[in-house]
Structures are given as structure tokens and as C-alpha cells.
Amino acid sequence: MTATDTISPAPRLSLRRSHIVARLFLIALAVAVLLPLISLTVFAFRGDAEIWPHLVNFVLPNATRETALLLAGVAALTAIAGIGTAWLVTAYDFPGRNSLVWLLPLPLAFPTYIVAYVYVDIFDALGPVQSAFRMLFGYRTAAEYWFPSVRSLPGAVIVFSLVLYPYVYLAARTMFLTQSASLIEVARTLGASRLMLARHVALPLARPALAVGLSLALLEALNDIGASEYLGVQTLTLSIFTTWINRSSLPGAAQIACAMLVIVIALMALERHGRRHRRFVTSPRRQRTVPRIALDGRPAWLSAIFCALPFVFGFLLPFFYLAYEVVLRGLITGFDIDLLRYTATTVTLAATATAVAIALGLAAAIAVRIVRGTFATSCLVVAGLGYAIPGTVLALGLLTPLVGIDTILNAVSALVGGPHLGLVIAGSSAALVIAYVIRFLAISTGSAQAGLARISTEIDDVARTLGTKPSRIAWLIHLPLTRPALGSAALLVFVDCLKELPATLLLRPLNVETLSTYIYQFATRGNFEEGSLAALLIVAVGILPVIHLTRFSEIAPAPVPPSSR
């Protein structure tokens with residue numbers, strides 16, 4: 001027997017084992033995401049039959065209408081702000097353009113509910129804007145004039161759009177930057193105007209990414225509780241929360257959640273529809289990017305103003321207002337030492353969930369690379385459904401599985417003569433970490449897949465023929481080459497975990513407080529200003545990842561002078 005005969009079966013055996021392990025891992029991951037949805041559906045059908053007619057007649061019609069109108073308004077405004085600003089900073093040069101490229105995504109660092117609290121304080125009857133309005137025009141009370149209310153559906157649409165447009169901006173800008181200069185230049189030689197270039201060339205090519213960005217913005221709007229409640233918009237998500245907490249009807253909340261899943265499925269279908277038959281293949285060689293056109297005069301300043309407005313109202317105004325309230329109320333001199341503990345808790349939970357999500361996402365992407373086929377891809381799609389599930393729905397669905405796991409652990413402990421463990425998972429911070437991981441796993445799996453797609457599968461095949469185990473291939477090849485993509489995913493997951501309020505409110509243990517729940521308590525008592533420092537801490541922790549995600553992705557093609565247009 002030769003050395004080759006003794007060595008060659010080992011790689012084949014290792015490959016077969018890795019296939020089995022990869023399949024089992026993908027199945028387990030898909031089941032972990034599906035389990036809350038199955039549990040939620042079963043719980044809803046087991047509820048009191050009398051609850052459903054009440055929900056259909058008195059809760060669902062208004063909540064569905066408010067939700068649909070909110071999503072329609074947010075879709076329109078985020079598309080206008082996101083696509084418009086992305087096209088201007090990518091295709092043109094104008095004053096402030098280089099700064100605006102990385103300033104425009106900064107509203108992502110703000111949770112929607114904090115911006116809602118700020119705008120109500122600024123524009124409410126007792127706020128500085130209306131006070132100045134009364135002083136300027138001689139009114140004594142708010143009853144003597146009409147002023148648009150922020151606590152309304154139109155107000156909610158504007159507030160949500162100011163925070164969520166960066167999802168569309170980032171997706172659109174990424175696609176605009178990667179479009180080949182040849183297509184744009186051919187269109188220009190055929191006499192296409194600037195508007196025609198954007199409408200008939202750039203936008204159709206960017207449509208798949210725009211569908212994804214818009215879907216993310218709408219799913220975030222659908223997930224919100226704090227802003228909707230404070231602005232007086234009775235969405236389906238808020239109805240789930242109030243039915244469970246205020247009316248003590250868990251089955252009723254589960255039934256609303258099941259109805260809400262229909263809207264979630266519709267949004268996912270919209271995203272798929274936006275990407276249908278839209279696959280554009282480009283050369284693997286580095287392409288020449290579209291040179292920017294230098295604007296001057298009125299077009300230059302109008303472009304600068306249009307791009308600056310979302311940043312000013314989505315980030316700058318809320319930030320300076322919070323800083324003003326912190327100084328005015330002496331929140332630094334009278335610093336609440338508990339804020340340090342809440343900040344540490346928030347960062348620890350977010351960091352833990354991020355680490356687990358990134359590890360699982362990379363493992364899932366590698367498993368799909370090993371198995372290859374429809375089955376593996378389907379499992380990965382199911383595992384990514386968590387991002388489409390609002391936090392309230394996910395929290396409801398996780399209750400039964402987590403309690404079931406605790407019951408099993410207590411039974412095993414009793415069997416071996418151990419103590420009664422109680423709610424080890426459902427009653428601890430582990431429940432929050434699990435919810436965060438399921439909710440944001442799609443970000444890590446998507447980024448890991450994108451990173452692995454740049455690595456030829458032939459490298460894996462060569463490594464296997466040399467006897468390298470799949471685990472060593474992942475450690476020595478996949479992990480180093482996907483590190484940039486995983487780093488970006490980690491930053492996104494971390495920021496999203498920091499801002500997550502619905503799941504945190506419903507699943508946190510009684511002795512656990514995060515910055516978001518701390519602020520929410522002040523808002524519900526009507527003195528949000530006392531939580532201004534905590535709000536600034538959330539922004540401070542989240543702003544650096546957002547800047548890192550955008551500032552260093554800038555591609556700077558040489559601008560075309562006005563005379564060469």
C-alpha cells in the first residue's frame with residue numbers, strides 16, 4: 001500500500017462529514033428562526049375565539065389603515081430623499097459635496113423614537129417654535145391659530161423618513177458608484193439629458209438595490225413602537241404591544257401579530273418583485289467609474305441645499321437640541337451614576353449579540369458553500385427571515401420556545417438531583433441576545449455570502465485535494481478574505497441592537513435596564529428631556545460605526561469641469 005492510498009481516503013471522509021455537519025447546521029438555523037413563527041401561530045389559534053371578532057371590528061381596521069398610510073408615506077419620502085441625494089453626490093460636484101457624502105447617513109445613529117420625542121418638544125404648543133410664532137404674530141394662546149401637529153400621521157411620516165432615508169441612500173449610492181462609465185457616456189452621446197440619464201439608465205440599473213433599501217426602511221418603520229406611540233399613530237405593532245401589556249391579552253396580541261405577518265410577507269414580495277429579472281453582469285476587471293460633473297451657480301447651490309436638508313433635520317437639529325437640554329437641566333453636573341451601568345449593559349448585550357450573529361452568519365455562508373444546491377440556499381433564506389419579523393412579533397413567538405427549553409433544563413437538573421433552575425433563559429438577558437441574533441442574522445449571512453462570492457471555489461477544491469480539512473480552510477482562507485465584509489456587517493448589527501426597543505421592552509428581565517428602555521420610561525411619563533443624556537449616549541456609541549461604514553467607501557473619480565459637459 002502506497003502513501004497515496006493511505007492518505008487519499010481521508011479528505012473524502014472529511015468532506016462527507018463536513019457535508020453532513022453543514023446540512024444539520026443549516027437545518028438547525030432555519031428551525032430556530034421558524035420556531036417563533038410556528039409558536040406564535042399555534043398560540044393565536046388556541047386563544048379565546050371571542051377575542052378575534054373584537055379585534056376585527058375595533059382594532060384591526062384602524063390599525064391596518066394607519067400602518068398602510070404610514071408605510072406609503074415613508075416609502076415616498078425616503079425614496080425621494082435617498083435616491084435624490086445619492087444621485088447628486090455621486091454624479092455631480094458642488095459645494096460641500098465631499099462632506100455630505102459621509103454626513104448624509106448619520107441619521108442612522110438616531111433611534112426613530114428619540115427623533116420623535118425631540119420634534120414633539122420643538123414643535124408642540126409649548127415648544128420654542130410655536131412660542132416664537134405666538135410672540136411674532138401677537139397670539140396669546142395656541143387656540144387662536146392653526147399650526148400643523150407633529151403628533152399626527154403626516155408628522156410621523158416626516159419623522160420616520162428623516163431617520164430611515166439612509167437605508168435607501170446607501171443602497172442607491174453603492175449601485176451608482178459601481179455602474180460603468182461606458183453606459184452613461186453612450187447615453188450622453190445619444191443626446192440624453194441629466195434627467196433622462198437618471199431616469200432611463202441609472203435608476204433601472206440600481207433598481208434591485210433600491211428595492212432592498214426601501215424594504216429595509218419600511219420594515220424598520222413597521223417595527224417601531226416608541227415613535228408611533230408618542231406621535232399618536234396606532235400601528236399594528238403598537239396594537240400588539242398595547243393588547244399584550246395594557247389589556248393583558250396575550251392571545252389577542254398573537255392574533256394581531258399573525259395578521260401583521262401578512263404585511264411583512266407583502267413587503268418581502270415587493271422586494272422580490274423589485275429585483276425580478278434584474279440581473280446585470282459586469283466585467284470582472286476593474287471598471288472605469290462615471291466621472292462627476294462639476295456644477296456652478298444656482299444648480300450647485302440648489303444641489304447643496306437639497307442634500308443638506310435631510311442631514312440638518314435628521315441629525316443636526318435633534319443632536320443640538322439634546323445637547324441643549326443636557327446643559328439646561330444640568331444632567332452632566334447631576335450625572336446619574338446608573339447611566340454608566342445602563343450603558344455597559346446596552347453595549348454588552350449588543351456586542352454579545354453581534355459576535356454570535358457574525359459567527360453564525362459566517363458559518364451558515366460557509367455551509368452553503370460546502371453543500372451547494374437549492375436545499376442549502378432555501379435554508380439560508382429561511383434563516384434570514386428574522387429581519388423581516390418585527391421585534392414585538394418575534395418576542396411573542398419566542399416566549400413559548402424559551403420557556404420550553406427552561407422546562408427541559410429543569411427536568412434534566414431534577415433528574416440528576418440538581419436544584420430547580422427556574423427560567424434560566426426566558427428570565428435572563430439570554431432571551432434578549434437570542435432575539436437580537438434571530439432578528440439581525442440576515443445582515444451577517446448576507447455580508448458573509450457577499451464576501452465569500454469573491455473567493456473562487458477552485459481555491460477550496462485545491463485545498464481539499466491537498467488534504468486540508470474544511471475547518472482549516474475556513475480559518476486560513478475564508479475568514480481572512482471575508483474580514484472586511486464581516487466588519488461592515490458587525491457594525492450594522494451592533495448599531496441595530498443598540499436601537500432595538502420593541503423586543504427589549506417585552507423580553508428584558510425586571511432587573512435589566514438598557515439606554516433605550518431608560519429613555520422610554522421618561523417619555524411615557526411626559527418628561528423625555530430628563531433622558532436627553534441617555535439619548536446622546538446611544539447616538540455617541542452608534543455614530544462611529546455609521547461613519548466608518550460610509551466615509552471610507554468613497555470612490556473619487558475626477559470631476560468633469562463645467563465646460564466639458
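The values are calculated or read from the model by the stated rules, or taken from the named source; none is laboratory data. In this text, all values refer to a predicted model and were calculated from it rather than measured experimentally. Cβ coordinates were reconstructed from backbone atoms using ideal geometry, including for glycine residues, and neighbour counts include every protein chain displayed. The protein model used for the area step is the full one, side chains on, heavy atoms only, and it has no ligands, DNA or RNA in it. Shrake-Rupley method; radii C 1.70, N 1.55, O 1.52, S 1.80 Å.
Some points to look at:
- Heavy-atom surface of segment 36-99, accessible at 1.4 Å and reported per residue (Å²): 48
- For the residues W301, W52, W102, W146, a 1.4 Å probe over the protein chains yields an accessible-area ranking, largest first, of W146, W301, W52, W102.
- What the phi angles of segment 526-535 give under the Karplus curve with 6.51, -1.76 and 1.60, with θ = phi - 60°, is a coupling list of x, 10, 4, 4, 5, x, 4, 5, 5, 5 Hz, glycine and proline written as x.
- Of the accessible area of segment 345-442, computed with a 1.4 Å probe over protein heavy atoms only, carbon and sulfur atoms account for 77 percent.
- Annotation: amide H of R151 has no partner in the under-5 Å range at sequence separation 5 or more or interchain, hydrogens built in the peptide plane.
- Cα centroid separation - segment 302-362 against segment 131-177, whole Å: 20
- Segment N62-H548, length gained on full extension (0.36 nm per residue, minus Cα span): 170.8 nm
- Computed from the C-beta positions of V327 and L34 and an R0 of 56 Å, the FRET efficiency is 0.70 to the nearest 0.05.
- Looking at segment 300-455, the accessible area is 43 square angstrom per residue; that uses a 1.4 Å probe and ignores ligands, DNA and RNA.
- Full extension of the chain between I408 and I27 yields a length gain of 135.0 nm, computed as 0.36 nm times the residue separation minus the alpha carbon distance.
- Difference of contour (0.36 nm per residue) and Cα-Cα distance, L177 to L476: 104.5 nm
- Distant-in-sequence amide H partners of Y92 (H built 1.01 Å from N, under 5 Å): I293
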